[in-house]
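> For reference, the structure I am asking about is given below.
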């Protein structure tokens, strides 16, 4: 009996874990909530929270995940018993979705109350560090532009992250470096030399048939614009 009872308990755990994995695998909202939960855990590690704040965060995150699991169960059951449209089936699904919304709203409020001041302080220190070093600013801008270019290429679904597509990553980086040099020096000779190099970069992307003229123009405008905004805001 004890062995059978132990096996039943283990099986119950297996079923529960399989249900969670299946929900994460098949439900887009559950994937998003799980990602947010990971972000919250990382923030608690890097920013540090008190015991009561940790309890509030864990409770809120668990509340959202439980609500999403129950909502998925409700939707699956309703689809099983009522494959055709039924106002009661719609009502059941709407109520389940409403429960998730309430839980998510609660978690956002709790997260804001706990992390707002901590994140503000950390970002304040981050920008102080940037302003103290021009090289730090340019590294940050280049990384930001690279991530933005990859994101835009994925959105437009053209080319690969490192080759082709819109916008041109090389042109964006060339524009960023050109604008960085523009802010760094008043020497006209350096300005014209950097401009000439930028034109060569654009010409090589078009000549190699890797990008169209429009893609390179969009890239260089993107790189120059973002760099100008950051350097202007930081009063470089």
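> Kindly list the number of the only condition in (1) more than 29 Å from the chain's Cα centre (by Cα); (2) within 25 Å of residue 18 (Cβ to Cβ) that fails for residue 91.
(2)
> Would you confirm whether or not region 61-72 contains a residue that is exposed (fewer than 12 other Cβ atoms within 10 Å of the Cβ) and touching a helix residue (DSSP H, G or I) at 6+ places or on another chain (Cβ under 8 Å)?
Within region 61-72 (the criterion being exposed (fewer than 12 other Cβ atoms within 10 Å of the Cβ) and touching a helix residue (DSSP H, G or I) at 6+ places or on another chain (Cβ under 8 Å)), the answer is no, since none of the residues qualifies.
> Going by the structure shown, is residue 42 assigned to a helix (DSSP H, G or I) and exposed (fewer than 13 other Cβ atoms within 10 Å of the Cβ)?
Judged against the criteria, residue 42 is a match.
> What is the number of the single condition among (1) free of Cβ contacts under 8 Å to residues at least 40 places away in the same chain; (2) more than 18 Å from residue 110 (Cα to Cα); (3) in contact with a helix residue (DSSP H, G or I) (Cβ under 7 Å, 6 or more places away or on another chain) that residue 25 does not meet?
(3)
> Residues that are closer than 30 Å to residue 116 by Cβ and surrounded by 10 or more Cβ atoms within 10 Å (Cβ to Cβ): does region 74-81 have at least one?
Looking through region 74-81, none of the residues is closer than 30 Å to residue 116 by Cβ and surrounded by 10 or more Cβ atoms within 10 Å (Cβ to Cβ).
> Looking at 163, 205, 158, which one is surrounded by 20 or more Cβ atoms within 10 Å (Cβ to Cβ) and either modelled with pLDDT of 85 or more or in contact with a helix residue (DSSP H, G or I) (Cβ under 9 Å, 6 or more places away or on another chain) (or both)?
Within the list 163, 205, 158, the selection yields 205.
> Quick check: anything in region 105-117 within 30 Å of residue 215 (Cα to Cα), modelled with pLDDT under 85 and surrounded by 11 or more Cβ atoms within 10 Å (Cβ to Cβ)?
Scanning region 105-117, I find no residue that is within 30 Å of residue 215 (Cα to Cα), modelled with pLDDT under 85 and surrounded by 11 or more Cβ atoms within 10 Å (Cβ to Cβ), so the answer is no.
> Is it fair to say residue 58 is without any contact (Cβ under 8 Å) to a residue 40 or more places away in the chain, under 28 Å from residue 108 (Cβ atoms) and surrounded by 11 or more Cβ atoms within 10 Å (Cβ to Cβ)?
Judged against the criteria, residue 58 is a match.
> Which of (1) without any contact (Cβ under 8 Å) to a residue 24 or more places away in the chain; (2) surrounded by 13 or more Cβ atoms within 10 Å (Cβ to Cβ); (3) more than 28 Å from the chain's Cα centre (by Cα) does residue 198 not meet, given it meets every other one?
If we test residue 198 against (1) without any contact (Cβ under 8 Å) to a residue 24 or more places away in the chain; (2) surrounded by 13 or more Cβ atoms within 10 Å (Cβ to Cβ); (3) more than 28 Å from the chain's Cα centre (by Cα), just (1) comes out false.
> Only one residue in 223, 180, 169, 219 is modelled with pLDDT under 85 and in the same structural domain as residue 137 (by TED's automatic domain parsing), so which one is that?
169
The values are calculated or read from the model by the stated rules, or taken from the named source; none is laboratory data. Being a predicted model, the structure only gives us computed values, none of them experimental. Ideal geometry is used to build each Cβ from the backbone, glycine not excepted, and the neighbour counts take in all protein chains shown.
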